[in-house]
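What follows is a single structure, written as structure tokens, with notes after it.
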Amino acid sequence: MPTLEGGLRVDAEDDDDWLLLSGIAHDAVSCDEKLAERLGALIGEEELAEDWREFIIPELDEAFHSDVSHVAAIVSAARLEVAGGKGPLWITRDDAPRWYSALNQARLAIEEIHRFGPGERVRPEKLPPDVRSAFLRSQFYCALQSLLLDLLMR
């Protein structure tokens, strides 16, 4: 829910909710190849690809890592504060871009691994449990990104 300060409050009900929120960082780094490198692989022209590898990947990779680490630390601190029980997680307006980045990285990694394609074509009930879990996490991350865009990043 939105806060009076212009942030967002996510209420975790139990340890399962905290595990879901912790999953953002885990999912974001779950691919064998880093996102900055995967993006660089999309560049077809070799000279541009070489520049990307030399100049862009290191800086982009550091920014991505920083965003995921920041989100992981916030989730961990909030979870620790309530001993994994019921409690709030606060996302400030200033932190919204970092959250958006970490959520995006998590969604892109899940898609890279599972190749779901457009969500409306996926039938979760037909998926194996571990794949269904990944799909539902991706949908949750997308919903949270939408809230960030609508409430904090406008």
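Read-outs throughout are calculated quantities, based only on the coordinates presented, and are distinct from any laboratory measurement. Bear in mind the structure is a predicted one, so any value in this text is a computation, not a measurement.
Some notes on this structure:
- Build a GNM of the chain with springs between Cα atoms under 10 Å apart, and of Pro129, Pro88, Pro97 the one that fluctuates most is Pro129.
- Remark: relative contact order (the chain) = 36 percent; criterion is Cα-Cα distance under 8 angstrom and separation of 6 or more residues.
- Of Asp15, Asp61, Asp51, the one that fluctuates the most in a GNM where the chain has Cα springs shorter than 10 Å: Asp51
- Theoretical ellipticity at 222 nm over the chain - DSSP helices of four or more residues, -39500 (n - 2.57) apiece, nearest 500: -19000 deg cm²/dmol
- Taking all C-alpha pairs of the range 8-152, those more than 19 Å from each other amount to 57 percent.
- A simple rule links phi to the HN-Hα coupling: the Karplus curve 6.51 cos²θ - 1.76 cosθ + 1.60 with θ = phi - 60°, which for the range 46-58 gives 4, 5, 5, 4, 5, 4, 4, 4, 7, 9, 8, 3, x Hz, with x for Gly and Pro.
- Folded to 0 to 90 degrees: helix 15-28 orientation relative to the chain principal axis, Cα: 10 degrees
- Once the Cα gyration tensor of the range 85-154 is diagonalised, semi-axes √(5λ) in Å: 25, 14, 11
- On Cα atoms only, tilt of 96-114 relative to the major axis of the chain in degrees: 60 degrees
- Compactness relative to 2.2 N^0.38 Å, alpha carbon Rg of the range 1-44: 1.77
- The share of alpha-carbon pairs in the range 53-123 lying farther apart than 14 Å comes to 70%.
- Whole-Hz Karplus values for the range 70-82 come out as 4, 5, 4, 5, 5, 4, 4, 5, 5, 5, 4, 4, 10 Hz, taken residue by residue from phi with 6.51 cos²θ - 1.76 cosθ + 1.60 and θ = phi - 60°; glycine and proline positions read x.
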